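Undergrad: Have a look at this one before I ask anything.
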Amino acid sequence: MSNAEKFKRMSRGLDLAQAVAEADRCLLCHDAPCSEACPADTKPAEFIRKLRFKNVTGAIRTIKENNILGGACGVLCPTSRLCEEKCSAMFKSQDRPEGADHPIQIGAIQRFLVEHSWDRDFIVFEKPTVRPEKVAVVGSGPGGLSCAAELAKDGYQVTVLEAKPEPGGVLRYGVVSYRFDMDFLAHEMDDIKALGVQFQCNSAVSGKAGAEELMQNGFDAVFLAPGLWAAASIKSTGRDIDGLFSSVDYLSALRDGRFEEVEKKIQGKTVAVIGGGSVAMDCIESAVRLEAKDVYLIYRRSYCQMPAEADERIEALDCGVHFLLLNQPLDYVTDDQNRLLGLRLVRTRLAEPDGSGRRRPENIEGSEWIMDTDVVIEAIGNIAPEDSPQWYPNVNIDDKKLIKVDPATGKTSLDGIFAGGDIVRGPALVVQAVADGKLAAAAIKEYLRK
């Protein structure tokens with residue numbers, strides 16, 4: 001099997017019998033805690049109950065009516081710390097012998113139901129009567145798609161403006177295909193397009209007041225969800241090193257036609273990935289699949305303090321990644337042609353907890369050393385582009401260039417402009433961006449009714 005083949009498809013989900021059997025474990029809780037724990041209000045208790053009683057189409061309707069990206073969330077959500085963490089089926093005691101010590105696979109059931117709807121060509125929404133109001137959505141990631149769909153359901157004319165060649169945002173350019181493949185994304189996009197949402201790709205909204213000018217060009221409201229596509233780095237300048245990738249460029253290249261170019265850079269080489277989150281896990285596992293000689297994860301804290309999910313960390317260890325913990329990258333070693341030779345590191349120890357609640361790493365004096373490596377991928381977070389405040393100069397932002405909004409409505413400081421997703425929260429979950437889109441759509445409808 002070629003390396004490209006290893007990246008093409010997600011693993012199979014549940015089939016009907018497996019999904020029903022899993023739903024049959026549901027305890028039918030009153031005021032179900034799993035539903036309370038879903039940021040997008042997808043109502044897992046409701047769709048699982050319907051599936052348990054063999055109302056399959058009703059279960060599908062519940063998901064898609066509450067979360068147009070229910071399929072994506074079923075695949076990508078860290079359910080173990082959201083809905084499944086609250087599932088009553090995982091608790092077993094003398095008084096609750098029906099408990100099973102492990103939660104219902106809510107995400108897997110959700111994915112099955114959405115895929116089942118596509119297999120059966122089940123139409124959830126009828127195309128609504130078109131209203132006169134026009135809304136521009138900037139960015140076609142989860143937040144933008146969610147907002148666009150909620151508005152389009154009620155007949156508002158929605159145009160999604162996307163800077164990249166294809167829509168999908170992080171779902172297309174920020175997740176490796178074996179976790180979330182293009183066919184799955186295409187189905188999710190078809191559900192949104194069927195509502196009448198229009199997409200204009202290669203349409204960056206930038207430059208002086210570019211976003212604000214949309215209000216002067218025929219749009220009655222604007223939702224800003226451009227995401228965060230600039231990468232944080234350990235170097236503020238001089239980042240054009242041969243062999244150094246940001247996670248943004250690396251993961252995008254695996255999806256946008258540059259696969260073979262990246263494969264040549266990785267195959268047979270020593271690769272170091274800096275970071276400890278889910279993006280870093282995608283980078284290290286993909287490097288293994290590209291047949292890197294050795295893959296190292298460099299993280300300045302301990303294993304248990306990593307923000308990545310436990311199963312992601314275990315998978316990385318199982319596929320042979322070397323975890324180099326309690327080490328802080330300082331700089332890069334290059335030759336006279338600016339080719340990467342190594343990574344300068346300093347060992348760390350854990351001090352008192354910081355604002356995140358985790359013990360803060362502090363450098364150990366005199367412990368600097370150099371690690372030989374051919375490739376480094378920085379997966380230490382995404383930030384707002386340096387010039388992004390120019391796109392909406394009358395919208396209030398914070399010191400990280402993130403947009404300030406009313407948390408109850410997504411409304412910015414400028415009348416008619418709303419925002420959500422990573423450009424407001426910073427790097428966050430797909431399901432949180434979906435929730436922001438739904439919240440803003442409700443507020444935009446209220447704004448346009450006045």
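Undergrad: Most exposed first by the Cβ proxy, i.e. fewest other Cβ within 10 Å, how do 282, 249, 119, 331 rank?
TA: The order, fewest Cβ neighbours first, is 119, 331, 249, 282.
Undergrad: Could you list the trypsin sites (Lys or Arg not before Pro) in the stretch 55-148 that lie in coil according to DSSP, counting only those with at most 16 other Cβ atoms within 10 Å of their Cβ?
TA: Those that pass, being in a loop and sparsely packed, are 92, 120.
Undergrad: Taking square-rooted eigenvalues a ≥ b ≥ c of the alpha carbon gyration tensor, is the stretch 230-382 rounded, prolate or oblate, where a/c under 1.5 means rounded and, failing that, a/b exceeding b/c means prolate? Provide the component values of the computation, followed by the final result.
TA: Values: a/c = 1.69, a/b = 1.26, b/c = 1.34.
Oblate, because a/c is 1.5 or more while a/b does not exceed b/c.
Undergrad: Could you please rank 263, 386, 368, 150, placing first whichever residue has the fewest other Cβ atoms within 10 Å of its Cβ?
TA: Working: 263 18, 386 9, 368 14, 150 22.
In order of increasing Cβ crowding within 10 Å: 386, 368, 263, 150.
Undergrad: Then there's this: Strictly over 32 Å apart at the Cα level, which of 54/438; 64/235; 54/134; 235/293; 54/450; 164/235 would you flag in this model? Don't skip to the answer; put the middle values down first.
TA: On the way: 54/438 29 Å; 64/235 43 Å; 54/134 40 Å; 235/293 26 Å; 54/450 43 Å; 164/235 26 Å.
As for pairs spanning more than 32 Å Cα to Cα, those are 64/235; 54/134; 54/450.
Undergrad: If you average the sequence gap of Cα pairs under 8 Å that are 6 or more apart and divide by the length of the chain, what percent do you get for the contact order?
TA: 16
Undergrad: Another question about this same structure. Students often get this wrong, so check it: of 269/401; 86/193; 8/400; 153/411; 43/153, which have C-alpha atoms separated by over 30 Å?
TA: Over 30 Å Cα-Cα: 269/401; 86/193; 8/400.
Undergrad: Shape call for the chain from the C-alpha gyration tensor, a ≥ b ≥ c root eigenvalues: rounded (a/c under 1.5), prolate (a/b greater than b/c) or oblate?
TA: It is oblate, given that a/c is not under 1.5 and a/b is not larger than b/c.
Undergrad: Trypsin sites (Lys or Arg not before Pro), restricted to the stretch 156-262: which are DSSP loop and have at most 10 other Cβ atoms within 10 Å?
TA: Answer in residue order: 208.
Undergrad: Taking the beta-carbon count within 10 Å as an exposure proxy, list 278, 413 from fewest neighbours to most.
TA: So the residues, fewest neighbours to most, are 413, 278.
Undergrad: Kindly provide the trypsin sites (Lys or Arg not before Pro) of the stretch 24-58 that DSSP labels as loop, not H, G, I, E or B, and whose Cβ sees at most 12 other Cβ atoms within 10 Å.
TA: Loop-located and lightly packed - 54.
Computed from the coordinates by the stated procedures, all read-outs in this text should not be read as laboratory data. Predicted model, so just to flag it, every value in this text is computed and none were measured. Because the Cβ atoms are built from the backbone with ideal geometry, glycine has one as well, and the counts that use them run over all protein chains shown.
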